[in-house]
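Notes follow the structure.
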Amino acid sequence: MVATNVKAETMSLIDKRTVIEAEMNSIIARLTQPGAPGLSGNLVDSEGFPRTDIDIPAIRAERRRLAELRNDHNEITEKINQNIQILHAARVRNKSSSKSSDNGDGSDTQMSSTVDAVASTPQNILLRHSPDSMDVDVLVSRPFAMVDEIADASPAAEDGLQLGDQILKFGCVEAGDNLLQRLSSEAQSNVGRTVPVVIMRQGTMINLTITPRTWQGRGLMGCHFRIL
């Protein structure tokens, strides 16, 4: 029951975060359109006077709103990650008490091949935050998978994947239909070879390379992607 409640809360938080991301993307699009001052550009001209070609009060309001949304996004992401840890712990306990791979509510999709399951968020896009400047934030593709289980010393763990990472791209797979089959095929066809992976981790886009390979544990990667 606890796991079910946490799962429901996590889904609600993911929906809220998606709404926040959509609003953030809209604000960024307006602030970075041609002629706009960007996310942190000057609102005065070369002589120090307020620019007359832009709506300064509106821009300041949107920048304040964007800062508020980013704070909310960070708080929600932190809570989601905490819930993922709880769900992961519950999954481990369930596996220790039962050999069944079904958690009882029919929400998990299992695979016996390379990738156990895939997470898919049904919304639009997320933000990539540049470590150098807020002005170069860009719109990127939405994540389609989230890691909710990863084994110690597994290929995925050793290659840098972490619990809670959201997958934007795995090799040639970028969302779409038949994700389980495509992810499995992608991993199996690249055994012993590096696969480029793009993830979103706490609002930051990160590029990794993962090498599917045999190891002492299950599968070729040793991680679990969950359908949300």
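Scanning the range 1-36 for residues that are farther than 15 Å from Pro143 by Cβ and among the β-branched types (Val, Ile, Thr) yields Val2, Thr4, Val6, Val19, Ile27, Ile28, Thr32.
Could you go through the range 47-61 and let me know if any residue there is within 27 Å of Arg142 (Cα to Cα), touching a Pro at 6+ places or on another chain (Cβ under 7 Å) and among the aliphatic types (A, V, I, L, M). Yes. Within the range 155-172, the set of residues being touching a residue at least 24 places away in the same chain (Cβ under 8 Å) and either open to solvent by 30 Å² or more (accessible area, probe 1.4 Å) or more than 23 Å from Thr10 (Cβ to Cβ) (or both) comprises Pro155, Ala157, Asp159, Gly160, Gln162, Leu163, Lys169, Gly171. Within the range 28-47, being surrounded by 17 or more Cβ atoms within 10 Å (Cβ to Cβ) and not small (Gly, Ala, Ser) holds for Ile28, Leu31, Thr32, Pro37, Leu39. Only one entry of Arg182, Arg213 meets the criterion of being assigned to a loop (DSSP other than H, G, I, E, B) and not hydrophobic (A, V, I, L, M, F, W, C), and that entry is Arg213. Would it be correct to say that Arg213 is surrounded by fewer than 19 Cβ atoms within 10 Å (Cβ to Cβ) and touching a residue at least 40 places away in the same chain (Cβ under 8 Å)? Taking the combined requirement at face value, the residue satisfies it.
Matching residues to (1) in a loop (DSSP other than H, G, I, E, B); (2) in contact (Cβ under 8 Å) with a residue 40 or more places away in the chain; (3) over 17 Å from the mean Cα position of the chain (by Cα):
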{"residue": "Glu21", "(1), (2), (3)": "no, yes, no"}
{"residue": "Pro34", "(1), (2), (3)": "yes, no, yes"}
{"residue": "Gly48", "(1), (2), (3)": "yes, no, yes"}
{"residue": "Ile59", "(1), (2), (3)": "no, no, yes"}
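Specify the residue that is modelled with the highest pLDDT; the eligible residues are those in the range 173-197 that are crowded, with 17+ Cβ neighbours inside 10 Å and touching a helix residue (DSSP H, G or I) at 6+ places or on another chain (Cβ under 8 Å). Working first, answer last.
The first filter runs over the range 173-197 and keeps only residues crowded, with 17+ Cβ neighbours inside 10 Å, leaving 173, 175, 179-180, 182-187, 190, 195, 197.
Within this subset, residues satisfying the condition of being touching a helix residue (DSSP H, G or I) at 6+ places or on another chain (Cβ under 8 Å) are 173, 195.
Working: Val173: 86, Val195: 91.
This residue is Val195.
Scanning the range 3-27 for residues that are open to solvent by 50 Å² or more (accessible area, probe 1.4 Å), in contact with a Lys or Arg (Cβ under 9 Å, 6 or more places away or on another chain) and closer than 30 Å to Arg93 by Cα yields one hit, Glu9.
Table: residues versus (1) modelled with pLDDT of 90 or more; (2) more than 30 Å from Asp15 (Cβ to Cβ); (3) not basic (Lys, Arg).
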| site | (1), (2), (3) |
| --- | --- |
| Pro34 | no, yes, yes |
| Pro37 | no, yes, yes |
| Asp45 | no, yes, yes |
| Pro50 | yes, yes, yes |
| Pro57 | yes, yes, yes |
| Arg60 | yes, no, no |
| Arg63 | yes, no, no |
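The values are calculated or read from the model by the stated rules, or taken from the named source; none is laboratory data. Since the model is a prediction, treat every value here as computed from it, not as a measurement. In this analysis, Cβ positions are derived from the backbone assuming ideal geometry, glycine residues included, and neighbour counts consider all displayed protein chains. These area figures cover heavy atoms from the full protein model, side chains too; ligands, DNA and RNA do not enter into them. Shrake-Rupley method; radii C 1.70, N 1.55, O 1.52, S 1.80 Å.
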